[in-house]
Amino acid sequence: MTPDTSAPLEGTPLIRPSTTDHPLYDSVVEACRSVFDPEIPVNIYDLGLIYTIEISDENEVNIVMTLTAPGCPVAGEMPGWVADAVEPLDGVKQVNVDMTFEPQWGMDMMSDEARLELGFM
């Protein structure tokens, strides 16, 4: 009998880990912090909307992000805003931004700074 490989492996994270040890990582994070959700006065990184930042050895940046709600009025524009913020960084070869709603965003994904800014702390 062949095992079912369509289900995620037990222990597989819902959000892929970021390439935090890459020299460009901190610059990419700061670029993401320059993008704001127009309805919330906090940047999208501290809101927890950036799930994964993967940077290849060739300096290709792949970002997986979400929105606070699937019906967000800027859903079609925000990935472009993120790409436009990251692309000009020195050393970045290419930027791809993918949208996901799995896992669904929740307020527990916000940084302490975002919670403080929004009055949740």
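Among 89, 14, 47, the largest mean-square fluctuation in a Gaussian network model of the chain, built with springs joining Cα atoms closer than 10 Å, belongs to 14. Distances between placed amide hydrogens fall under 5 Å for residue 19 paired with 53, 54, 55, all partners being 5 or more residues away or on another chain. Summarised in one figure, the compactness ratio Rg/Rh of region 54-121, Cα atoms and Kirkwood Rh, is 1.04. Per residue of the chain, what 222 nm ellipticity follows from adding -39500 (n - 2.57) for every DSSP H run with n ≥ 4, rounded to the nearest 500? Value at 222 nm, helices only: -5500 deg cm²/dmol.
A value for Cα Rg over 2.2 N^0.38 Å was derived from the coordinates, and within the list (i) 1.14; (ii) 1.31; (iii) 0.97 it appears as (i).
Whole-Hz Karplus values for region 60-74 come out as 8, 9, 10, 10, 10, 9, 9, 10, 5, 8, x, x, 3, x, 10 Hz, taken residue by residue from phi with 6.51 cos²θ - 1.76 cosθ + 1.60 and θ = phi - 60°; glycine and proline positions read x.
Readers should treat all values here as calculations from the given coordinates under stated rules, not as data from a laboratory. Since this is a predicted model, take the numbers as computed values, not measurements.
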